[in-house]
Amino acid sequence: MRFRHGFFLCLAVSLSACVNSVPTAEKLDELEHKVRAEYRQEYVLLEDQRRSGALDAEGYKLAKDQLDQRVQNRVDTMAWSRHALVQSDMKANAIPTPDKPQLNLPPGVGTLQGSVYNSTRQNGLGSQVMGTMMQEMGGTTINGRRPGTVYDDQ
């Protein structure tokens, strides 16, 4: 029995971890290490040009900053594209997302026949709209009586 509860707890934790697709700092660092490994050859080429004298210190710094910016742009694109795809998939499968929350509307007051939400004025033709129309047609009295209850003073 404990094994079953532990299993379901682990399953719930793993599923909830899958839903959050917002990139964390650790995920961004991990992606940056991968992308830098892909661009390693370009970094080595820049370093060789600096050592050989083809690039002065300022040119090397400028070229390295541009390469770092390309790496950072690629990391950002990868991370946020993944997030956008996960969010799009969740929306397509009618799973609530922060920008498209689940609709949880309560039943409308008086719209359910025979429910506790019905107002006493909304039985049959005795709705508030109909009462207003009857008042307009009959003046200030309806059927010889003023609006109110039987307990009102005459």
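The values are calculated or read from the model by the stated rules, or taken from the named source; none is laboratory data. Treat the numbers as computed from the prediction; the structure is a model and nothing was measured. In case anyone asks, the SASA skips ligands and DNA or RNA and just uses the protein heavy atoms, side chains included. Shrake-Rupley method; radii C 1.70, N 1.55, O 1.52, S 1.80 Å.
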field: Per-residue ³J(HN,Hα) for the stretch 56-72, Karplus 6.51 cos²θ - 1.76 cosθ + 1.60, θ = phi - 60°, Hz, x for Gly and Pro
entry: 7, 4, 6, x, 5, 5, 5, 5, 5, 4, 5, 5, 4, 5, 4, 4, 5
Those lysines that a straight Cα-Cα span of less than 20 Å connects to residue 100, excepting residues fewer than 8 apart in one chain: 91
task: Enter the accessible area of residue 90 (Å², nearest 10), with the probe set to 1.4 Å and all protein chains included.
output: 20
